Amino acid sequence: MTDPRVLLPHQVPAEAADELSAELRAQAPDLPIAVAADESETETLLDDVEGVVTWEFGPEWIERADDLEWIHVLSAGVDHFDLDAAESAGVRVTNASGIHAEPIAEQVVCYAFLFERGILADLRRQPSRTWERHDGEEISDKTIGIVGVGAIGSRVAERLGAFGATTIGTKRDPTTGGDGVDELYGAQDLDVVLDRSDYLVIACPLTDETEGMIGEAELAALDDEAVLVNIARGEIVDEDALVDALEADELGGAALDAFAEEPLPEDSPLWTMDDVVVTPHVSGTSQFLTDRNAALVVENWAALQAGEALTNRVV
């Protein structure tokens with residue numbers, strides 16, 4: 001038997017590891033893969049490992065793996081990962097960017113129609129059996145502002161654009177990508193997007209530059225009927241400033257799937273606001289994620305063996 005050269009370490013929960021390893025073997029029967037049940041098994045198997053597939057893998061583990069060349073992170077975000085340690089050790093890191101784009105885009109569409117059709121208000125009235133007719137609005141009349149037009153932001157633009165909405169957005173480097181939006185601006189032109197948005201969708205990664213980027217001034221720049229949607233990272237939005245804006249009726253509402261502290265604390269006022277949708281960081285979930293992640297691993301393992309460029313390389 002060929003020595004395992006790709007490892008799912010103990011940091012991957014057992015159920016997820018079993019599911020992913022089964023899919024990897026189905027897609028690539030010859031892929032030399034091993035699953036570690038516990039810390040000691042991870043340590044033992046690291047002696048023969050070139051690739052690691054995981055959510056977490058601290059610098060102390062990177063130092064122990066003499067033959068390690070590549071780590072695939074099973075999430076799109078890598079803000080929790082020590083990229084400096086990997087880079088210093090000459091280890092390439094890839095992520096799962098793109099595999100969550102469709103489910104997240106569908107969830108954003110759902111949020112938008114909850115507000116536009118008045119369904120959110122209907123749901124609030126349902127427990128009291130209140131029958132109150134109201135007018136709904138069409139999304140085709142709205143402008144969707146997207147902060148971070150990457151894989152996810154582009155898909156959000158495509159899905160809402162299909163309903164006739166105008167889509168505009170920002171990208172750190174607007175000369176690269178930006179598919180799907182009608183108008184694309186650089187990050188320095190965020191104020192243009194804020195001024196025109198009926199919905200502001202946060203879809204950028206969490207970095208030193210984006211942490212806290214949507215604060216009191218940015219929220220004040222939005223129309224008082226605008227809705228903030230965060231499907232990225234909670235730390236990008238100043239939650240205290242958001243609560244203040246909502247309580248002052250300076251925003252039309254918010255749909256939030258990411259929070260600075262998760263789970264969202266029970267005493268957070270966001271739980272009880274009528275114009276706020278709280279979901280528990282599930283917008284990226286889908287029955288297809290394991291298949292898509294496995295396909296990325298198989299593709300990048302082949303590229304690694306062939307000395308070719310890796311897809312979704314971060315460092």
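The values are calculated or read from the model by the stated rules, or taken from the named source; none is laboratory data. What you see is a predicted model; the values in this text were computed from it and never measured. Positions of Cβ are generated from backbone atoms using ideal geometry, with glycine treated the same way; all protein chains shown enter the neighbour counts.
Farther than 30 Å from Ala22 by Cα, in the same structural domain as Leu123 (by TED's automatic domain parsing) and more than 22 Å from the chain's Cα centre (by Cα): is that true of Pro269 in this structure?
yes
Could you check how many residues of segment 222-238 are buried (at least 20 other Cβ atoms within 10 Å of the Cβ) and either free of Cβ contacts under 8 Å to residues at least 40 places away in the same chain or within 24 Å of Asp173 (Cβ to Cβ) (or both)?
11
Among the residues of segment 92-136, what is the count of those that are among the β-branched types (Val, Ile, Thr), in contact with a Lys or Arg (Cβ under 7 Å, 6 or more places away or on another chain) and farther than 30 Å from Phe57 by Cα?
Number of matching residues: 1.
Any idea which of Gly136, Gly145 is within 21 Å of Leu219 (Cβ to Cβ), outside any helix (DSSP H, G or I) and either touching a residue at least 40 places away in the same chain (Cβ under 8 Å) or in the same structural domain as Ala232 (by TED's automatic domain parsing) (or both)?
Result: Gly145 is the single residue among Gly136, Gly145 that is within 21 Å of Leu219 (Cβ to Cβ), outside any helix (DSSP H, G or I) and either touching a residue at least 40 places away in the same chain (Cβ under 8 Å) or in the same structural domain as Ala232 (by TED's automatic domain parsing) (or both).
Just the residues that are within 17 Å of the chain's Cα centre (by Cα) and of a type in the set (Gly, Ala, Ser), please, taken from segment 272-315.
Once the filter is applied, which keeps residues that are within 17 Å of the chain's Cα centre (by Cα) and of a type in the set (Gly, Ala, Ser), segment 272-315 yields Ser283, Gly284, Ser286.
Looking at segment 165-221, what strands (runs of 3 or more DSSP E) fall wholly within it and have at least 2 residues that are touching a residue at least 24 places away in the same chain (Cβ under 8 Å) and not assigned by TED's automatic domain parsing to the domain that holds Val78?
166-171, 199-202
Against the condition assigned to a loop (DSSP other than H, G, I, E, B) and among the small types (Gly, Ala, Ser), how does Ala232 come out, does it pass?
yes
In this structure, does His72 turn out to be part of a strand (DSSP E or B), within 24 Å of the chain's Cα centre (by Cα) and either in contact (Cβ under 8 Å) with a residue 40 or more places away in the chain or over 14 Å from Val315 (Cα atoms) (or both)?
Against the criterion (part of a strand (DSSP E or B), within 24 Å of the chain's Cα centre (by Cα) and either in contact (Cβ under 8 Å) with a residue 40 or more places away in the chain or over 14 Å from Val315 (Cα atoms) (or both)), His72 qualifies.
Could you list all residues from segment 101-129 that are hydroxyl-bearing (Ser, Thr, Tyr) and surrounded by 10 or more Cβ atoms within 10 Å (Cβ to Cβ)?
Tyr111
Provide a single number: the residues in segment 245-268 that are part of a helix (DSSP H, G or I) and exposed (fewer than 15 other Cβ atoms within 10 Å of the Cβ).
1
So, restricting to strands (runs of 3 or more DSSP E) that lie completely within segment 1-55, which ones have at least 2 residues that are touching a Phe, Trp or Tyr at 6+ places or on another chain (Cβ under 8 Å)?
Hits in segment 1-55: 51-54.
Based on this model, can you work out whether Asn293 counts as part of a helix (DSSP H, G or I) and touching a helix residue (DSSP H, G or I) at 6+ places or on another chain (Cβ under 8 Å)?
Here the answer is yes, as Asn293 does meet what is asked.
Yes or no, residue by residue, for (1) of a type in the set (Gly, Ala, Ser); (2) over 22 Å from Ile62 (Cα atoms); (3) within 24 Å of the chain's Cα centre (by Cα):
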site	(1), (2), (3)
Leu7	no, no, no
Glu15	no, yes, yes
Asp18	no, yes, yes
Ala26	yes, yes, no
Ala34	yes, no, no
Ala37	yes, no, no
Glu41	no, no, no
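Considering only residues that are crowded, with 18+ Cβ neighbours inside 10 Å and out of contact with any helix residue (DSSP H, G or I) (no Cβ under 6 Å at 6 or more places or on another chain), which ones fall in segment 19-37?
If the condition is that a residue be crowded, with 18+ Cβ neighbours inside 10 Å and out of contact with any helix residue (DSSP H, G or I) (no Cβ under 6 Å at 6 or more places or on another chain), then Ser21 is the only one that fits.
Right, Glu247: of a type in the set (Asp, Glu), more than 22 Å from His281 (Cα to Cα) and touching a Pro at 6+ places or on another chain (Cβ under 8 Å) or not?
Judged against the criteria, Glu247 is a match.
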